[in-house]
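Participant: Please find one structure pasted underneath; my questions will follow.
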C-alpha cells in the first residue's frame, strides 16, 4: 500500500514520515521542488506514477500575517492546490485527507467549536483555508477534512520553540492572555491522520466529512507559555516570569480568533480516536528539545 504525503517538510509532514506505519505501507513525501501541487499537470503525473491508496495533504501557506499582503500566494496553496488535489484524486478513486485550521472560524462565542459550526474567517489565511475546504468537499466525496489548531513539535518554527528561545534571551516575557485554544502535538495529529487515511484506504464505508483533531483541554497563549517555561526549568532550562497582556497590546496584520477551542468529539465518534491531554504531549516535545526532567 502506497500513501502520498504532501507538505512533508512541515511539522506534521515530518511526524507523518517518522511514524511506525503498518508493515507493507510505503509513504512517499516528495518535496516542493519535485512536486508543485498548484500545477494540475504535475499532480496528475505524480498520481499516475504510482497507485496510491490515499493522499494526505498537510501542505499549506501558513504565514498568517504575511498572507495579508501575499494574497495570491496564500490562495494558490490553500485553495487552488486542494481543488486540484480533490479533482485528480476523485478521478482515480483515491481518498483525500486534508488538514485545515481553526482560523476558518471568527473566534466568537464561548465553548468548543464542533465541525458543523458556521465558518466566518477574519483573515486572508482563514478565508483561503475555508475555500480549500469547500474545494475538497465539492471535488472528492471520499474526503476527510481535519481541522486542527496551535500545532507544536520539535520541528520547524512554532510557539514552543519560540518561547524556549526567548526565555533563554530575556529576563521577562509578555504573552497574550485573552486568546483561548487547544495546543496540539504534530506527532499526535500525524497519528490521527495516518489512522484516518489507512481506514479510508481499506474501507469503502469509512466515515467521510469534516472532523476536528486537537489535544484535549484548552488554555491561553500566556498560560501555555508559562507551562513551556516551567517544563523547561524542570529540565534545567531557564525560568523567567511571564506577564499576560491583552491582544490589543500586540497588534498583528492578521486578526487572530479569540476563541480557537475545537471539539474532537466527532473524531472520537467516527474513528474511535481520542487525543490525549496537551500537557503530556508538551512534555514529550520538551524531552526532545531540552532533555529529560532532572531529579533533585
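Readers should treat all values here as calculations from the given coordinates under stated rules, not as data from a laboratory. The structure presented is a predicted model; accordingly, all values stated were derived computationally and were not measured. Note that we place each Cβ from the backbone using ideal geometry, even for glycine, and neighbour counts take in every protein chain shown.
Participant: What is the gain in length, in nm to one decimal, between residue 2 and residue 65 on full extension, counting 0.36 nm per residue of separation less the C-alpha to C-alpha distance? Kindly include the intermediate steps, with their values, before the conclusion.
Facilitator: Numbers: separation 63, 0.36 × 63 = 22.68 nm, distance 3.58 nm.
This chain segment gains 19.1 nm when fully extended.
Participant: Another question about this same structure. So if R0 is 41 Å, what FRET efficiency would residue 223 and residue 48 give, r being the distance between their Cβ atoms, rounded to the nearest 0.05?
Facilitator: Details: r = 49 Å, r/R0 = 1.20.
For R0 = 41 Å, the calculated efficiency reads 0.25.
Participant: Cα gyration tensor of the range 41-120, axes a ≥ b ≥ c as square roots of the eigenvalues: rounded (a/c below 1.5), prolate (a/b > b/c) or oblate?
Facilitator: Working: a/c = 3.17, a/b = 1.61, b/c = 1.98.
Oblate shape, in that a/c is at least 1.5 and b/c is the bigger or equal ratio.
Participant: Ratio of the range 179-253's C-alpha Rg to 2.2 N^0.38 Å, to two decimals? Write down the numbers at each step before the final one.
Facilitator: Values: Rg = 18.1 Å, N = 75, 2.2 N^0.38 = 11.3 Å.
Taking N as the residue count of the range 179-253, the ratio is 1.59.
Participant: Okay, next question. Roughly how many nanometres apart are two label points built 7 Å out from the Cα toward the Cβ at residue 72 and residue 9?
Facilitator: Taking the simple label geometry, residue 72 and residue 9 are separated by 2.2 nm.
Participant: Please compute the modelled spin-label separation between residue 138 and residue 279, points set 7 Å along Cα→Cβ, answer in nm with one decimal.
Facilitator: 4.5
Participant: Could you work out which residue, out of 235, 92, 165, moves most in a Gaussian network model of the chain, that is, has the largest mean-square fluctuation with Cα springs under 10 Å?
Facilitator: Maximum fluctuation in the GNM of the chain, among the listed residues, is at 165.
Participant: Per 0.36 nm of contour for each residue apart, how much would the distance between residue 216 and residue 247 grow if the chain were fully extended, relative to their Cα-Cα spacing?
Facilitator: Values: separation 31, 0.36 × 31 = 11.16 nm, distance 2.41 nm.
Fully extending the segment from residue 216 to residue 247 adds 8.8 nm.
Participant: Next up: When the chain is treated as a GNM, springs tying every alpha-carbon pair under 10 Å, which of 45, 60, 87 comes out with the largest mean-square fluctuation?
Facilitator: Looking only at 45, 60, 87, the largest GNM fluctuation is found for 45.
Participant: Return 5, 56 ranked ascending by Cβ neighbour count within 10 Å, so the fewest neighbours appear first. Before the final figure, lay out each step's value.
Facilitator: Details: 5 26, 56 29.
So the residues, fewest neighbours to most, are 5, 56.
Participant: While we're here: For the pair residue 171 and residue 235, how long in nm is the line joining their label points, each one 7 Å along Cα→Cβ?
Facilitator: Once both label points are built, they end up 2.7 nm from each other.
Participant: Suppose the chain between residue 178 and residue 92 were pulled fully straight at 0.36 nm per residue; how much longer would it get relative to their current alpha carbon spacing? Before the final figure, lay out the partial values.
Facilitator: Working: separation 86, 0.36 × 86 = 30.96 nm, distance 4.59 nm.
In short, 26.4 nm is gained.
Participant: Cα-based Rg (one decimal) and Dmax (whole number) for the range 207-296, in Å?
Facilitator: 16.6, 50
Participant: Quick check: the angle from helix 186-202's long axis to the longest principal axis of the chain, C-alpha only, nearest 10 degrees?
Facilitator: The answer is roughly 20 degrees.
Participant: So, one more: With no solvent and one equal point scatterer placed on each C-alpha of the chain, evaluate the Debye formula and give log10 I(q)/I(0) for q = 0.11, 0.14, 0.15 Å⁻¹, two decimals.
Facilitator: Once normalised to I(0) and log-transformed, intensities are -0.65, -1.04, -1.18.
Participant: I want to verify a result. In a Gaussian network model of the chain, Cα cutoff 10 Å, which of these has the top mean-square fluctuation: 96, 16, 198?
Facilitator: The residue that fluctuates most here is 198.
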